Amino acid sequence: MILFYSQPGIWEFVLAINQKFDGNLKCHRCAECNGFGCPDMLPGLGGVMEGKNFQANVQSWKDLFTPEAQKITIKPTAIRCGPVTGAVENIGFENEKDFYYPYLKNTADAGFGICVGDGCPDEKLKFGVEAVKKIQEEAKKNLNAAFFLKPYPQEKLFERVEWVKPYAGLIGIDIDSYNILTMRNLVNLERKTAAQLEEFRDKTKLPFVIKGVFTKEDIELVKEVKPEVVYISNHGGRVETRLGSTGDFLKGNTEVLKKYCKEIWVDGGIRTKQDIQTALFYGADQVIMARPLIRATFDGTYKDFVSSILK
């Protein structure tokens with residue numbers, strides 16, 4: 001396994017990581033990543049509800065594809081990596097900290113946007129902050145990273161804002177993660193009201209993202225808060241919610257959502273160049289990918305994967 005880096009003088013570090021992690025990836029490396037190989041595999045890279053939403057996400061992009069979408073040219077800036085934590089329990093890394101720099105460095109080198117996730121314990125968020133700081137110092141430029149915080153009680157959220165704000169271009173709240181299986185009984189998360197989200201945005205003074213928009217109730221929340229970015233997501237099929245796909249939700253709700261935000265982002269089941277084109281065709285401004293970029297980082301195939309979606 002060889003990780004994709006552009007920075008000279010780092011190969012000893014890369015070799016050490018390769019030797020430490022090879023063979024431990026929890027992903028089953030299915031020939032087609034469609035959710036049928038890992039239903040209910042949590043912790044891990046699977047999905048809940050027998051994988052139904054994971055499977056629906058992947059299939060929807062195929063069903064929605066139209067020849068007109070194939071005419072769209074994909075720029076690297078239209079893609080972001082997913083906000084991922086839980087490298088040990090979900091991915092298979094031996095040490096949590098070792099995931100963040102390679103994953104985010106590969107993303108930055110490819111010209112994609114960066115998303116950083118939150119988790120329990122607090123060190124997961126701090127590892128993401130450290131990685132972004134290091135990459136920005138190396139690149140000598142701001143990465144405009146988007147940080148997504150879990151819906152903790154307000155006081156704890158405000159504390160986390162101070163950790164990420166020096167390195168953030170955008171800050172969002174992962175509104176559906178109060179219901180994610182892997183976080184239950186670990187931390188106190190809550191379903192946020194519009195008033196709480198507005199208070200949070202006032203605290204950050206940064207462009208605000210509502211992540212996890214996937215229901216009619218979420219649309220009503222967007223109408224009240226009017227965030228800069230609406231991020232359509234069902235957590236990759238990893239959160240218990242209504243049955244359905246992010247692709248169908250994007251197609252059915254782009255027109256109304258655009259009235260209350262500046263941009264729409266979407267994730268869930270996006271695997272190929274054609275999937276990205278389809279998402280952009282139906283109104284997405286940014287397309288977020290997680291599982292394919294995790295696997296490409298772990299297996300050392302990042303450069304080839306980037307080529308396959310941008311060529």
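The values are calculated or read from the model by the stated rules, or taken from the named source; none is laboratory data. Fair warning: this is a prediction, and the values are worked out from it, not measured in the lab. Methodologically, a virtual Cβ is constructed for each residue, glycine included, from the backbone with ideal geometry; neighbour enumeration extends over all protein chains shown. For the accessible areas, the whole protein counts, side chains as well, though only heavy atoms, and no ligand, DNA or RNA atoms are used. Shrake-Rupley method; radii C 1.70, N 1.55, O 1.52, S 1.80 Å.
Among the residues of this structure, LYS140 does not count as one that is within 21 Å of ASN90 (Cα to Cα) and among the basic types (Lys, Arg). Here THR85 meets each of (1) in contact with a helix residue (DSSP H, G or I) (Cβ under 7 Å, 6 or more places away or on another chain); (2) of a type in the set (Ser, Thr, Tyr); (3) in a helix (DSSP H, G or I) with one exception, condition (3). When only residues in the range 161-191 that are among the polar types (S, T, N, Q) and at pLDDT 80 or above count, which is surrounded by the most Cβ atoms within 10 Å (Cβ to Cβ)? So, considering only residues that are among the polar types (S, T, N, Q) and at pLDDT 80 or above, the one surrounded by the most Cβ atoms within 10 Å (Cβ to Cβ) is SER177. For the range 62-82, check the following and say yes or no: at least one residue is touching a residue at least 60 places away in the same chain (Cβ under 8 Å), assigned to a helix (DSSP H, G or I) and among the hydroxyl-bearing types (Ser, Thr, Tyr). Taking every residue of the range 62-82 in turn, none turns out to be touching a residue at least 60 places away in the same chain (Cβ under 8 Å), assigned to a helix (DSSP H, G or I) and among the hydroxyl-bearing types (Ser, Thr, Tyr). Exactly one residue among ILE219, ILE264 is hydrophobic (A, V, I, L, M, F, W, C), in a helix (DSSP H, G or I) and surrounded by fewer than 24 Cβ atoms within 10 Å (Cβ to Cβ), and that residue is ILE219. For the range 222-241, the candidate set comprises residues that are in a loop (DSSP other than H, G, I, E, B) and under 28 Å from CYS38 (Cβ atoms); within that set, the residue that is nearest to the chain's Cα centre (by Cα) is SER233. Among residues belonging to the range 71-88 that are of a type in the set (D, E, K, R) and exposed (fewer than 14 other Cβ atoms within 10 Å of the Cβ), point out the one that is nearest to ILE114 (Cα to Cα). Filtering first and then ranking leaves LYS75.
The residue that is least open to solvent (accessible area, probe 1.4 Å), counting only those in the range 201-216 that are on the phi < 0 side of the Ramachandran plot and part of a loop (DSSP other than H, G, I, E, B), is PHE214.
The set of residues in the range 109-131 that are in contact with a Leu (Cβ under 7 Å, 6 or more places away or on another chain), open to solvent by less than 10 Å² (accessible area, probe 1.4 Å) and not small (Gly, Ala, Ser) comprises ILE114, ASP118.
If I ask for residues that are of a type in the set (A, V, I, L, M, F, W, C) and either part of a helix (DSSP H, G or I) or free of Cβ contacts under 8 Å to residues at least 24 places away in the same chain (or both), which ones from the range 249-261 would you list? Answer for the range 249-261, where residues must be of a type in the set (A, V, I, L, M, F, W, C) and either part of a helix (DSSP H, G or I) or free of Cβ contacts under 8 Å to residues at least 24 places away in the same chain (or both): PHE249, LEU250, VAL256, LEU257. Count of the range 278-290 residues, restricted to those that are open to solvent by 10 Å² or more (accessible area, probe 1.4 Å) and part of a helix (DSSP H, G or I), is 2.
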